[in-house]
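The values are calculated or read from the model by the stated rules, or taken from the named source; none is laboratory data. On a predicted model such as this, the values are computed, not experimentally measured, just so you know. Don't worry about glycine lacking a Cβ; one is built from the backbone with ideal geometry, like all the others, and counts go over all protein chains shown.
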Amino acid sequence: MKKACPQCSSDAVVLLRSMNLKLCSDCKHEWAWHLDAGQKPLVASNRADRGLTSEQQA
Ligand SMILES: [Zn+2]
């Protein structure tokens, strides 16, 4: 599946992960980007896993 702008159909789409947005660099249209089911936010899970395991084993 090709990601394309819903407004101008350009494929010059930038993914703004941190804001859950997609941005079309042609017409500057922004729209929401939803995580697929089962995907986790990477930043949150990395923190939790590392903080607990590394300190308890050391
Ligand atoms: Zn566009």
Could you list, in sequence order, all residues of segment 1-20 that are at negative phi and within 13 Å of the ligand (Cβ to nearest atom)?
Lys3, Ala4, Cys5, Pro6, Gln7, Cys8, Ser10, Asp11, Ala12, Val13, Val14
Screening Lys28, Lys22, Lys40 for residues that are of a type outside the set (A, V, I, L, M), modelled with pLDDT of 65 or more and surrounded by fewer than 12 Cβ atoms within 10 Å (Cβ to Cβ) leaves only Lys28
